[in-house]
Amino acid sequence: MPEPLPTHELLNRWRAGDEDAARQLFDLYVDRLLALARQRISQRLASRVDPEDVVQSVFRTFFNRAKDGQFHIEEPDDLIKLLARITVHKTFRQIAFHRAAKRNLNLETGHGDEAQNQLLNLLDRGPTPDNANEFLDQLEHFLSELRFEDRQIIELRMQGYKDVEIAKKLNISDRKIRRLMERVRGLAEKEGIGRE
């Protein structure tokens, strides 16, 4: 069996249009990224968050952004570090999405056919995995356009922190958070994030 090509060479071949190089990059890292995503998904959320969907989204994001020249890979292990970071962020966002108030597993109660029918009805109304991944990719791009401190505030809000808690944690005024949220809502509407 031939030696696998170095990451730099595979990236250069892929940028030159070699789709086989993209497949080789995928094959080289997919198992490690799947294991990383699985580690972060609790047993309880495993039925809702599919590590394979997360990793597919990771590679979509990587290849789209690498094509635009947004990543600079210099050291041999830079690519796996970058892919791992994207995987952790996407997994975290999927978990946050499924822990939001209306989807929170901790709020589900009841047993028997009636409870199961209610749950199935709720799940039927939810977004498809493709819709969720598309939204998360769009959200990730949107967040990447924000300043670091603004992104921190948004991520803490997504985790369920209140403005007062965020202000204390980041040592800023809650008025600043309210202004940011108004600005972000306007930007999100302009970009079409969250529309049905």
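Miscellaneous remarks
- For a straight C-alpha distance cut-off of 18 angstrom, the lysines reachable from Lys176 (same-chain residues fewer than eight places away being disregarded) are Lys162, Lys168.
- Reach of Lys67 by Cα under 24 Å, taken over lysines that are not fewer than 8 positions away in the same chain: Lys81, Lys90
- Take 27-34, 180-187 and order them by the average number of nearby Cβ atoms within 10 Å per residue, most first; the result is 27-34, 180-187.
- Over the stretch 145-196, equivalent-ellipsoid semi-axes from the Cα gyration tensor in Å: 20, 11, 10
None of the figures in this text is laboratory data; all of them are computed from the coordinates on show. Quantities reported herein were computed from a predicted structural model and do not represent experimental measurements. Backbone-built Cβ (ideal geometry, glycine too); neighbour counts: all protein chains shown.
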